[in-house]
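Read the structure below first, then the notes.
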Amino acid sequence: MAQLLPIHSSSGIRALRDHVIVEEIKFGERKTKSGVILIDDDAKTSGIRPRWGKVLAVGPEQKDVALGQWVMVEHGRWTRGVKIEFEGVDKVIHRVDPSAILLVSDEEPEDEGLAPSTIAHA
């Protein structure tokens, strides 16, 4: 019988190698703290921005992030969402490129005040 790798996940999902699986990536319209409405900018050529996601699973070789942390990922450096059902709750999960993780937070960041114009573009 094959020996299984330990599950580095709270959901029973097993990530491979150094992969990072996230949930709760926020898409759509946002409102800044001052009340300015920022329209949905996903898949556009202007106004792109990195996004935060909550780590759901990490591969056994991943040493930079842990379960439950929040990671900021460069715009577009995640897979299309896959809808799963876990314990009766529908979730959309994405695999993010580990080399595109910009920031890590132990608490959910406040993303509403981060306007696309405040992000430096290369």
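Values in this text are rule-based calculations from the coordinates and carry no lab data. Quick caveat: nothing in here was measured; it's all calculated off a predicted structure. Heads up, the Cβs are rebuilt from the backbone with ideal geometry, glycines too, and the neighbour counts pull from every protein chain shown.
General remarks:
- Sequence-distant residues sharing a close amide H with Asp18 (under 5 Å, placed H): Glu61
- GluC sites (Glu not before Pro) restricted to DSSP loop in region 45-94 with at most 10 other C-beta within 10 Å: Glu87
- Taken one residue at a time, the phi angles of region 14-26 give Karplus couplings (6.51, -1.76, 1.60, θ = phi - 60°) of 9, 7, 9, 6, 9, 5, 10, 10, 10, 10, 6, 5, 8 Hz. Gly and Pro are set to x.
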